[in-house]
Structure formats: structure tokens, C-alpha cells
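For reference, the structure discussed in these notes is given below.
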Amino acid sequence: MSVLAPDGRPRCDWAVSTPDYLSYHDEEWGRPIRDDRGLFERMTLESFQSGLSWLTILRKRPAFRTAFAEFEPAAVAAYGDDDFARLMADAGIVRNRAKITAAIANARALLDLGDGRLTELLWSFSPGPDRPAPRTLADVPATTPESVAMSKALKRSGFVFVGPTTCYALMQATGMVNDHLADCAAR
């Protein structure tokens, strides 16, 4: 069940622990993103989140945007050794060698797909609006058959660090699934 936020409206319980979460929940999470650049940003941030708190990533997002050229795929795909060293030295982001390497590799894979094709590929795994609304957080899965299939398709296309759990989080964040709880005001 949802909990009441400071404004008296019900929200998913994870959203009310900090103002950062509440703002993200109300203004972004679960809202459809249907452009390659926006999806690349969210894919990258979800990959960086793996093993960490989303709050950490959310608070570092402005630094991530600066470090990764506002997530312009062509710019990130062109990153070389000097850029990699700069990213590894940037305390404003998560300095993880594998995740930084994945972000650059994924930008290159996105360009190899062609313009608009990432959006088409990712949204092809959306289960549609007929899913029942979760009533509690226990009803929200970590993976689904669709996220497993998405992960496999992305890996076949050259993407890395995109396992089924990361793909499901991406689906949630970008509106491919609506996991706002049934009585959440944002639903």
C-alpha cells in the first residue's frame, strides 16, 4: 500500500523517504521516454546504479550529465583513453571501471543500431497497459520475462552491463511498465 506524502496524497512508499525521491517519483519515474538519447541516459544511470542506492545516482545525475556530454551518444562513443582517465578521476560520478567502459561501449552499440532503433528495440518489450497494478512493493518483480528477453536482445546488439534486473529497472523508469502502486497518486 502507498503511504501519505507530506502533501497528504498517497505515494509509493519508497518515494517519501527524501525530497529527492519524491520529486523523482512525481515528475519522472514511470513517465514514457521515447527517444534514443533519453533512453541511453536512463540505461547508463541504471547500469551505474547496480549495487548502489538509486539516491546516490540521482544526486550525482548533474555530474553524470556533464561527464557524459549530456548523454549525447555520438560524443560518448567517441571517448578515448583521455576521456576514460578523466571519468575515472571524476569524484562527481561513480568511478567504476566496468561501468564507465560499459557506458562508452553502449554508446557505440547504440550508434551501430542506427537512429531511433534503440527506442524501437526497447519499447518492443513493453508488456502493455493490461498488467494489474501492484498493491504493495512485494508485488513488484525484480525481473520479468520481458526484461530477460530485453537483456538478451541488447547483448546480441553489443550492449553490456544490461542484465535482466537493470533492464527491468529501465522499463520502470521509462514508462514501459507502470509499477506505481495501485493507490499511488502518480498512477
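Derivation of every value follows stated rules applied to the coordinates shown; laboratory data play no part. Keep in mind the model is a prediction, meaning the values are calculated, not measured. Every residue, glycine among them, receives a Cβ derived from its backbone with ideal geometry; neighbour counts consider all protein chains shown.
For every residue, the table says whether it meets (1) of a type in the set (D, E); (2) on the phi < 0 side of the Ramachandran plot; (3) buried (at least 17 other Cβ atoms within 10 Å of the Cβ); (4) assigned to a loop (DSSP other than H, G, I, E, B).
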site	(1), (2), (3), (4)
V94	no, yes, yes, yes
A107	no, yes, yes, no
E120	yes, yes, no, no
A133	no, yes, no, yes
V148	no, yes, no, no
K152	no, yes, no, no
F159	no, yes, yes, yes
A169	no, yes, yes, no
M176	no, yes, yes, yes
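Return the residues of the stretch 96-105 that are part of a helix (DSSP H, G or I) and in contact (Cβ under 8 Å) with a residue 12 or more places away in the chain; say none if nothing qualifies. I'd like the intermediate steps shown before the answer.
Kept after step one, since they are part of a helix (DSSP H, G or I), are these residues of the stretch 96-105: 97-105.
Result: A98, K99, I100, T101, A102, A103, I104, A105.
Can you say whether R37 is in contact with a Pro (Cβ under 8 Å, 6 or more places away or on another chain) and not hydroxyl-bearing (S, T, Y), as far as the supplied structure shows? Against the criterion (in contact with a Pro (Cβ under 8 Å, 6 or more places away or on another chain) and not hydroxyl-bearing (S, T, Y)), R37 qualifies.
The residues on offer are A75, A85, and the sole one that is under 27 Å from R156 (Cα atoms), of a type in the set (A, V, I, L, M, F, W, C) and assigned to a helix (DSSP H, G or I) is A75. Filtering the stretch 109-118 to residues that are surrounded by fewer than 18 Cβ atoms within 10 Å (Cβ to Cβ) and either touching a residue at least 60 places away in the same chain (Cβ under 8 Å) or closer than 13 Å to R156 by Cα (or both) leaves D112, D115, G116, R117.
Matching residues to (1) under 18 Å from V16 (Cα atoms); (2) in contact with a helix residue (DSSP H, G or I) (Cβ under 9 Å, 6 or more places away or on another chain); (3) not β-branched (V, I, T):
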| residue | (1), (2), (3) |
| --- | --- |
| R135 | yes, no, yes |
| D139 | no, no, yes |
| T143 | no, yes, no |
| S147 | no, yes, yes |
| M176 | no, yes, yes |
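Looking only at residues of the stretch 15-46 that are more than 16 Å from the chain's Cα centre (by Cα) and part of a loop (DSSP other than H, G, I, E, B), we find that the one that is surrounded by the most Cβ atoms within 10 Å (Cβ to Cβ) is T18. Right, D179: touching a residue at least 12 places away in the same chain (Cβ under 8 Å) and under 16 Å from the mean Cα position of the chain (by Cα) or not? The answer is yes for D179.
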